[in-house]
1. Select from region B:6-50 those GluC sites (Glu not before Pro) which occupy a DSSP coil region and have at most 14 other Cβ atoms within 10 Å, ordered by residue number.
2. Give the order of A:177, A:139 when sorted by the count of other beta carbons within 10 angstrom, beginning with the fewest.
3. How crowded by other chains is B:42-52, given as the mean number of beta carbons from other chains within 10 Å of each beta carbon?
4. What does the copy distance list look like for residue A:177, label position 7 Å along Cα→Cβ, in nm and ordered from shortest?
5. In nm, what does the list of distances from residue B:90 to its counterparts in the other copies look like, shortest first, when each label sits 7 Å along Cα to Cβ?
6. If neighbour count is taken as other Cβ atoms inside 10 Å, put A:80, B:49 in order from fewest to most.
7. On full extension of the chain, what length is gained from residue B:15 through residue B:148, given 0.36 nm per residue of separation minus the C-alpha to C-alpha distance?
8. If we sort A:82-88, B:104-110 on the protection proxy, mean other Cβ atoms within 10 Å, highest first, what's the order?
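A short reminder: the numbers here are calculations on the coordinates, not readings from a lab. Just so it is clear, the model here is predicted, and its values are computed rather than measured. Backbone-built Cβ (ideal geometry, glycine too); neighbour counts: all protein chains shown.
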2 protein chains.
Amino acid sequence: MDRSGEFQKWKAQSLSKADLSRKGSVDEDVVELVRLLNGREQFFTTSSCSGRILLLDGGLNGCEIQKQNCSWLLVTHRICAKDDVLSALKKARGDAVLKFEPFVLHVQCRQLQDAQILAVRSTHGLEVPLSNKGRLMVTEEYIEFLLKIANQKMEENKKRIDRFYSCLQLALERQETSGLRPETNKMTHPVYTHRRKRKTEKMHGQCNSPEKQKDLESEEDNAEISLSFFPENY
Amino acid sequence: MDRSGEFQKWKAQSLSKADLSRKGSVDEDVVELVRLLNGREQFFTTSSCSGRILLLDGGLNGCEIQKQNCSWLLVTHRICAKDDVLSALKKARGDAVLKFEPFVLHVQCRQLQDAQILAVRSTHGLEVPLSNKGRLMVTEEYIEFLLKIANQKMEENKKRIDRFYSCLQLALERQETSGLRPETNKMTHPVYTHRRKRKTEKMHGQCNSPEKQKDLESEEDNAEISLSFFPENY
């Protein structure tokens, strides 16, 4: 079997497996994006989250050290109401932490140049300890303030998904009309670097210029991918 | 010039450039690690941070949307004292946010198989809004509680750097005694995947078994690298 055939086989196997996430299905806000990618032979997605607000109750050492002692008090992929957080907090016995986790997408790419448009990560997050051994350490007013920020991030996150979808769609169309993987010949530097930091204004613009259209990653603000390559063949 | 020569030239150029970070030098806790990597012909580092506690004063829309309106009230790569935070907070005019950012390292690798041991990212962070338009939204007791957590994370972070250094050193030594890049022949799956989630217990163990020794990335807890490849040559 040739390389392309192997990739297709692996893709089919992966997509036929059961969804092992807690929810068991793709989040509504990224369904179209996941479909767009899986519809192309050069890609498939292995996991995704459209972004969420989470309330975790950690062990006395926190969630990170003792993940097994960590329970989910609340999770939503939408705007979150203060009362929901307040009532969930009543169940906290350990160190409760409120998190906002932005959109994340994991994509397998057949070739290195296909990955050029698919470095997706954004880190406009929140991670806020709220209680200590079951005792709330902040006021109700602070929780209201915090949720306002979390909900703003959720809305901004949704815009980023939509922008990423539009830009990806446009890039794939251009790629197809101009022949398969035209970017291969354009690489003038021997290095393919995934880590990029960009100016904020660029990320909030439209993806209409060729340069912007190339910079498709949803790596906003301080988001980054930290691995770089010096590929053997390019 | 052959591929290896091109990489060496690019490495020399990159390492001879001025350090453009605010501090202008490599953080003390990662100096040895950076030296270890740059001493090998197949790697060089492009940026690093040993981990830090930051207090930022954002614009009314927060730091993320309007990075240009963001000022640093405090930054330390060490344990942080409550009084330092309290006095820095007095200068806040916008929305102050306390962050803990863990160790991060960006490494350029000559070949794909060299990157197998160099996916470094950990996300045991904190991002806590503290004030709103200059008004403190939490108590002094909460700040004390928060700093205890931040300082614990800083200490854990230091341990992770040390562990990563030891494991990297061991892996490089084994690689050298068993000939150049022995991993190449061991790759049985046609895909090189950078994204990995591991059980916490594994990360807190010693890197003495061959399997653990292979899993060198400092991607702890929920840390991940989200990009995968189907390399053309492997």
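1. Details: sites: B:6, B:28, B:32, B:41; in loops: B:41.
Answer by residue number: B:41.
2. Numbers: A:177 8, A:139 13.
The fewest-first ordering by Cβ neighbours comes to A:177, A:139.
3. Working: counts 1, 0, 0, 0, 4, 4, 0, 0, 0, 0, 0.
The per-residue average across the peptide is 1.
4. So the label point of residue A:177 gives 6.0 nm to the other copies.
5. Shortest to longest, the spacings are 4.2 nm.
6. Values: A:80 23, B:49 18.
Exposure proxy ranking, most exposed first: B:49, A:80.
7. Details: separation 133, 0.36 × 133 = 47.88 nm, distance 3.70 nm.
Full extension of this stretch gives 44.2 nm more.
8. Values: A:82-88: 15.1, B:104-110: 22.6.
Most protected by this proxy first, the peptides run B:104-110, A:82-88.
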